[in-house]
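Below is one structure; the comments refer to it alone.
The values are calculated or read from the model by the stated rules, or taken from the named source; none is laboratory data. Since we're looking at a predicted model, the values are computed, not measured. All Cβ positions, glycine included, derive from the backbone under ideal geometry; neighbour counts span all protein chains shown.
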Amino acid sequence: MGHEVTRVSGPLVELSGVKGAAMGDVVEVGAHFLPGEIVALDGDVATVQAYEYTGGLAPGQAGRGTGRALSAPLGPHLLGGVYDGLLRPLTGAGVWLDPARHPPVAEDGRAVEFWPVRRPRPYAERLDGGVPLHTGQRVVDLLFPVPLGGTVAVPGGFGTGKTMLLQQVAKWCDADVIVYVGCGERGNEMADVLAELAALDDPRTGGRLADRTVVIANTSNMPMMAREAGVYSGVTVAEYFRDQGRHAVVIADSTSRWAEALREFASRGGELPGEEGFPAALPSALAAFYERAGRVRTLDGAEGSVTIIGAVSPPGGDMTEPVTAYTERFVRARWSLDKDLAYSRHYPAVSWSGSFARDTAALARHHAAAGDPGWAGRRARTASLLAESDRLAALAELVGSSTLPGHERMVLLAGRLLREGVLQQSALSPRDAFCTPERGAALTEAVLAVVDRCQELVGRGVPAGAVEEQDFAPIVRAREDAATAADIGARREAMLNRLGELP
Ligand SMILES: Nc1ncnc2c1ncn2[C@@H]1O[C@H](COP(=O)(O)OP(=O)(O)OP(=O)(O)O)[C@@H](O)[C@H]1O
Ligand SMILES: [Mg+2]
């Protein structure tokens, strides 16, 4: 009569007697109603991928179809909560960001709407043009900015700072809603994010940061099976808020652990493996995820967006491995974390030579229209000084920097001042963890003005060594100890005056 379990193999469960079900339908099996999804159908025999451990499940036990695809309960109640990959509230001590405000919701609550997580929610139209997402991380906002609705990959080897960077963005970026999907990463890191978020105020609204955040946690100690669904649940939640006219950011740490779940299922399902054991559908799965980003006109006529930022952890730092290589095709920006920078404690270790951003022209137009016409020039000048300084540093290593002409030594100096005074930004610094656009512009302009003055000095015959000997600490340290853009401007004038006194 009903569904009956006929075979259990790891997370895969064979069910017979299944009638009228469709691929992707959710079924519940066994005495504990373990949820799973139909991944193959052959007549009335279904193969179900369970989302939880199947220990204790045995042939002969019953199953039951739900008649619907894996769906997320969507509603304003999600804000401030912590969920598993299927959007079930994780209860227990310390899990709710704010226990007082978020009692578990009744599934029949009127505000709750169900939506199948693998199906993109509809909108009226995609919007052109670049409206910046301000992240508060200078290297990103200055060199590799992302628009609302954009997509970013953050590849980086072990311990290069992916999680720290993504957490900084989660805390400080100027989006309305953050959906943080912790995917196969360490549970204690997740606990740290939750604790910090619960304690932090939102600098823009004065409210609590937790109140704009939805956390989906599938840490390494939780069933691998729900991990695969977690990223789709996350994007669906973001789309729901987008449809309310809000700007949402999905942060996934790490998409490599998600891809590992895909690989695990493919191998258990007996699929012919593709590259490095990943299923042949890996590229389309990655594309389907990143394609759900965008800034749109909603069906209600409002404007909303979903931005997606995904960490990628290439095994052994090998950037040619499949997840890293495919992801790069589907994203508009890449913040590449460099192990040498991380090793020398240059944080965030975003490589200026290995990263890219494809929407800078549109963003430059937006900045100009919004009163910052200097943005594109600062960016171009910073990027070219950094590249030129890298080239000269390699040369100086061979021939010694003292043999270089004065103006080239000033480029090396510029590289150092930009790296230390602008690009570096400690996540642990009370003042510098987050940088406003005004402070970021003032810091960059201060360094560039000082560099101009130095070039001018050697141009009129001051020995390069005499310039290099000057104390640049007030400029380099301004990011830590000058509070406002005006304070930074004063620093810059004092430095320019002091340099002007060189004979
Ligand atoms: N922006 C930053 N400011 C200060 N310290 C940082 C920063 N980024 C990284 N670090 C340091 O580097 C360490 C490792 O960072 P993190 O855990 O983010 O790396 P990861 O790339 O996520 O590592 P894994 O590969 O294990 O996931 C941190 O514990 C911290 O000490
Ligand atoms: Mg990490």
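For segment 152-195, filtered to residues that are charged (D, E, K, R) and either within 15 Å of ligand 2 (Cβ to nearest atom) or under 12 Å from the mean Cα position of the chain (by Cα) (or both), the residue that is surrounded by the most Cβ atoms within 10 Å (Cβ to Cβ) is 162.
Residues that are polar (S, T, N, Q), away from ligand 1 (no atom under 14 Å from the Cβ) and either within 20 Å of residue 86 (Cβ to Cβ) or under 13 Å from the mean Cα position of the chain (by Cα) (or both) within segment 196-220 comprise 213, 218, listed in sequence order. For segment 279-312, filtered to residues that are buried (at least 16 other Cβ atoms within 10 Å of the Cβ), within 15 Å of residue 331 (Cβ to Cβ) and not hydrophobic (A, V, I, L, M, F, W, C), the residue that is farthest from ligand 2 (Cβ to nearest atom) is 294.
Within segment 303-319, residues that are part of a strand (DSSP E or B) have Cβ atoms under 6 Å from residues that are surrounded by fewer than 16 Cβ atoms within 10 Å (Cβ to Cβ) in these pairs: 304/245, counting only partners at least 6 apart in sequence or on another chain. Scanning segment 221-244 for residues that are farther than 17 Å from residue 186 by Cα and among the aliphatic types (A, V, I, L, M) yields a count of 4.
Within segment 176-189, the set of residues being outside any strand (DSSP E or B) and either closer than 19 Å to residue 237 by Cα or of a type in the set (S, T, N, Q) (or both) comprises 176, 188. One residue is enough: does segment 260-271 have a residue meeting the conditions within 30 Å of residue 54 (Cα to Cα) and buried (at least 22 other Cβ atoms within 10 Å of the Cβ)? Within segment 260-271 (the criterion being within 30 Å of residue 54 (Cα to Cα) and buried (at least 22 other Cβ atoms within 10 Å of the Cβ)), the answer is yes, since at least one residue qualifies.
Give segment 221-258 a look and list any residue that's within 16 Å of ligand 1 (Cβ to nearest atom) and not hydrophobic (A, V, I, L, M, F, W, C), or say none.
Matches in segment 221-258: 221, 227, 253, 254, 255, 256, 257.
Selection of segment 25-55 for residues being among the small types (Gly, Ala, Ser) and either crowded, with 16+ Cβ neighbours inside 10 Å or assigned by TED's automatic domain parsing to the domain that holds residue 119 (or both) yields 30, 36, 46, 50.
Listed here are the residues, each with its yes/no results for (1) hydroxyl-bearing (Ser, Thr, Tyr); (2) more than 17 Å from the chain's Cα centre (by Cα); (3) within 16 Å of ligand 1 (Cβ to nearest atom).
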residue	(1), (2), (3)
303	no, yes, no
312	no, no, yes
316	no, yes, yes
319	no, yes, yes
323	no, no, yes
327	yes, no, yes
332	no, no, no
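Just so you know, in segment 172-227 the residues that are among the acidic types (Asp, Glu) and at pLDDT 85 or above include one that is farthest from residue 264 (Cα to Cα), and it is 174.
Checking 446, 427 one by one, the residue that is under 30 Å from the mean Cα position of the chain (by Cα) and within 26 Å of residue 370 (Cβ to Cβ) is 446 and no other. Scanning segment 412-444 for residues that are assigned to a loop (DSSP other than H, G, I, E, B) and not aromatic (Phe, Trp, Tyr) yields 424, 425, 426, 427, 428, 429, 430, 431, 432, 433, 435, 436. Taking the numbered list (1) in contact with a helix residue (DSSP H, G or I) (Cβ under 6 Å, 6 or more places away or on another chain); (2) farther than 17 Å from residue 476 by Cα; (3) crowded, with 18+ Cβ neighbours inside 10 Å in turn, residue 414 passes all entries but (2).
Taking the condition in contact with a Gly (Cβ under 6 Å, 6 or more places away or on another chain) and not assigned by TED's automatic domain parsing to the domain that holds residue 269, does residue 58 pass? So residue 58 fails the test.
Please indicate, with yes or no, whether at least one residue in segment 346-367 is within 16 Å of ligand 2 (Cβ to nearest atom), of a type in the set (Phe, Trp, Tyr) and closer than 23 Å to residue 312 by Cβ.
yes
Within segment 433-446, residues that are not assigned by TED's automatic domain parsing to the domain that holds residue 132 sit with their Cβ atoms under 9 Å from residues that are of a type in the set (S, T, N, Q) and part of a helix (DSSP H, G or I), at 6+ positions apart or across chains, in these pairs: 433/168; 434/168; 444/382. Candidates in segment 2-18 are the residues that are farther than 11 Å from residue 64 by Cα and at pLDDT below 90; of these, the one that is surrounded by the most Cβ atoms within 10 Å (Cβ to Cβ) is 11.
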